[in-house]
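The values are calculated or read from the model by the stated rules, or taken from the named source; none is laboratory data. Just so it is clear, the structure is predicted and the values come from calculations on it, not from any experiment. For neighbour counting, all protein chains shown are included, and Cβ atoms are generated from backbone atoms with ideal geometry for every residue, glycine included.
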Amino acid sequence: MTAPQMSDSFAKAFRQALVTHVDAPTYDRRRHRRWVLGRVIAAFTLLASTATAAATGVLVLPGGTQVTPVSSFVTGTYAGTETVHLGPAPDDANGIVVSLHCLTPGYLGLPGGTVVSCAADDLTGSDAQPDFVYDVIPLTDASDGALIVTAPPESNWTVLAAYSTSTGSEWATNGNGESYGAISETGPPDLIAVRSADGATGYIRRSDLERAVVTVVANSATGATDGITGAPADAASGSSLPLYDSDGTTQIGEFTHD
Amino acid sequence: MDATSIDETALWQRGLSGDGSAFGSIFDLHRARVYRHSYRLLVDASEAEDATAIAFLELWRCRSSVRVVDGSVLPWLLVTATNSARNLNRGRSRYRALLDSLPHESHHRSAEDEALNDVVADTQLAGALAQLSSIDLQLVTLVMIEGYTVSSAAPILGLSAGATRTRLHRARAALRRYLGHPTLALYLQSSLGDAS
């Protein structure tokens, strides 16, 4: 008996697309989400770490990293993989602050592995999400000021980049002896700075977050699954936690995120 | 483990390291089975092509958690194609740009196709399968249609062997009710042919 067959033209085209898809730089999805969604925990770190924060005198969050541009910004619009030339590095530079924006669907890759993917839905449509990636990369990843951005030939993108210096800060302590501020390399403080999906900023308790993650993981083991693979759904989805002021007692709202 | 599974094990190891050509070879190995299963559920050539494509793209996306059975990713692909067929719009939205770039031929049915469709893509069978729960459909796919053992299917579905047997018994009874056929195995054999 003859079985139904996939058309040769579809099979050939898809095979090529699959090979290309796999060969493309691997998305660092955690980092992608971290920078692109702008709603997850580290986003407030980003908010307080930007050059804008330093330039306008906005205080950097305790535990956050202050990034200060020390050269003029280089801007431009490019297509495909290109090298952005920043020129000689100032003596006080210890990194390069970069913001990339997709103009067409595709992906953009920075030295060190940071990749942002831009689907068509990211650029248009009712549920469009920010289509940028922000990162600070070490000078060693851009030899002689040559910053290589990887992209498919048909992808268009813009860049904003400058040499920078980064300075870390310590967490603060509230009246109850609890640490508060941004997640840092040493981990999360007792009260973690966040921006909620509705734009509200404040702090969530680390203990609340840990309980929420455990609950979601437990639920995913018995029910919530990805509709395609059947795998447990994203453990971070759908949570709602109390949002506090830095005193850890005054509730100012609810923290929700994607 | 036979020579084919040994070869697939090597391909999968290469694929895990990001070797696109290895994924292309895995597609060559399993595309016919995955497509035929998708077609069985959807009874539409273009939709079956999309469901098949989504299953292979998911294989890459979820590569770190794919469960391999006897050196093969085919059972995982079949289960994922089953889910893709049931959630086709969701899968399409995840890979819209890529899928939109692929050529779907016009599938004009010849008299031979029509005759074939009566046998291979029995809409009555598709309708009966559509009434099963997701987990039961996955189970029926692997064990009753594709011929995997209960002990091979159970880990893929996250079930114990005992629970798998119980579910399979119930799913078989449900299919018998839906199809109204006294000898289900014979019906499946006549409708689907040899799974190999």
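Things worth noting here:
- Annotation note: Cβ proximity below 8 Å between a residue of region A:3-18 that is more than 13 Å from B:Leu99 (Cα to Cα) and within 7 Å of chain B (Cβ to nearest Cβ) and a residue that is assigned to a loop (DSSP other than H, G, I, E, B) and of a type in the set (A, V, I, L, M) (sequence gap 6+ or interchain) occurs for A:Pro4/B:Ala121.
- Verdict on B:Ser21 being out of contact with any His (no Cβ under 9 Å at 6 or more places or on another chain), facing chain A (nearest Cβ under 10 Å) and modelled with pLDDT under 95: yes
Residue-by-condition table, conditions (1) modelled with pLDDT of 60 or more; (2) more than 17 Å from B:Arg40 (Cα to Cα):
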| residue | (1), (2) |
| --- | --- |
| B:Pro155 | yes, yes |
| B:Thr164 | yes, yes |
| B:Leu175 | yes, no |
| B:Gly180 | yes, yes |
| B:Tyr187 | no, no |
| B:Ser191 | no, no |
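- Residue list for region B:58-71, restricted to those being within 14 Å of A:Leu18 (Cβ to Cβ) and more than 7 Å from chain A (Cβ to nearest Cβ): B:Leu59, B:Arg61, B:Arg63
- Within region B:57-73, tally of residues that are farther than 21 Å from A:Ala13 by Cα and either surrounded by 18 or more Cβ atoms within 10 Å (Cβ to Cβ) or of a type in the set (Ser, Thr, Tyr) (or both): 6
- Scanning region B:101-125 for residues that are within 13 Å of chain A (Cβ to nearest Cβ) and buried (at least 17 other Cβ atoms within 10 Å of the Cβ), we see that the one that is modelled with the highest pLDDT is B:Leu102.
- Search result, residues across region B:133-142 that are modelled with pLDDT of 85 or more and either over 16 Å from the mean Cα position of the chain (by Cα) or aliphatic (A, V, I, L, M) (or both): B:Leu137, B:Leu139, B:Val140, B:Leu142
- The set of residues in region B:37-49 that are crowded, with 24+ Cβ neighbours inside 10 Å and free of Cβ contacts under 8 Å to residues at least 60 places away in the same chain comprises B:Ser38, B:Ala48, B:Glu49.
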